[in-house]
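Below: one structure, written as structure tokens.
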Amino acid sequence: MTEAHPRHSLDPLIHRPVALSIVAALDAVDEADFATVRDLVLVSDSTLSKQVAALEAAGYVAVRKTFVGRRGKTYLSMTPAGRNAFRAHMDALLKIAGRTARST
């Protein structure tokens, strides 16, 4: 029996370009505020909010809301499950790239 292709290890949620950009940005830090992630990923507030909601529902991202005076501030961080999923996804991508490079 042959080994399964690494594409089967890709996470469909993380594979989406904006979600991948978000988790890559968050993997590098303990926590980041919403505006910083928005500016790093170059998306609108609405787009970031929708993607973060999906990542939060999957248990990959934690959202923490605070108030500074009367203004709300939102912080994002990766959960341990999110870090594991991101790293497994990246490993699968590297295996795919390595397999393709060897076959040419």
Compute the acute angle (0 to 90°) between the alpha-carbon long axis of helix 17-27 and the principal axis of greatest extent of the alpha-carbon atoms of the chain; round to the nearest 10°. 70
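Hey, fewest Cβ within 10 Å first, where do Thr79, Thr66 land in order?
Working: Thr79 16, Thr66 10.
Ordered from fewest to most neighbouring Cβ atoms within 10 Å, Thr79, Thr66 come out as Thr66, Thr79.
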Order of Ile22, Ile14 from fewest to most other C-beta atoms within 10 Å? Ile14, Ile22
Take the Cβ-Cβ distance between Phe67 and Ala24 as r, set R0 to 35 Å, and report the resulting FRET efficiency rounded to the nearest 0.05. 0.75
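What length, rounded to one decimal in nm, is gained on full extension from His15 through to Leu42, with 0.36 nm per residue of separation minus their alpha-carbon distance?
Values: separation 27, 0.36 × 27 = 9.72 nm, distance 1.73 nm.
Extra length from His15 to Leu42 when fully extended: 8.0 nm.
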Ranked list, fewest to most other Cβ atoms within 10 Å of each Cβ, for Leu20, Leu10, Leu55: Leu10, Leu20, Leu55
Applying the Karplus parametrisation 6.51 cos²θ - 1.76 cosθ + 1.60 with θ = phi - 60° to the phi angles of segment 65-82, what ³J(HN,Hα) value in whole Hz is obtained for each residue in order, glycine and proline being reported as x? 10, 10, 10, 10, x, 9, 8, x, 9, 10, 10, 10, 8, 7, 8, x, 5, x
Taking 25 Å as R0, compute the FRET efficiency from the Cβ-Cβ separation of Ala88 and Lys50 and round it to 0.05. 0.60
Using only helices, what value at 222 nm comes out for the chain when you add -39,500 (n - 2.57) per DSSP H run of length 4 or more and divide by the total residues, to the nearest 500 deg cm²/dmol? -17500 deg cm²/dmol
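All of the numbers you see were taken from the coordinates with simple rules; none came from a lab. Bear in mind that the values here come from a model prediction, so they are computed numbers and not experimental data. Every residue, glycine as well, gets a Cβ built from its backbone with ideal geometry; the counts of neighbours run over all protein chains shown.
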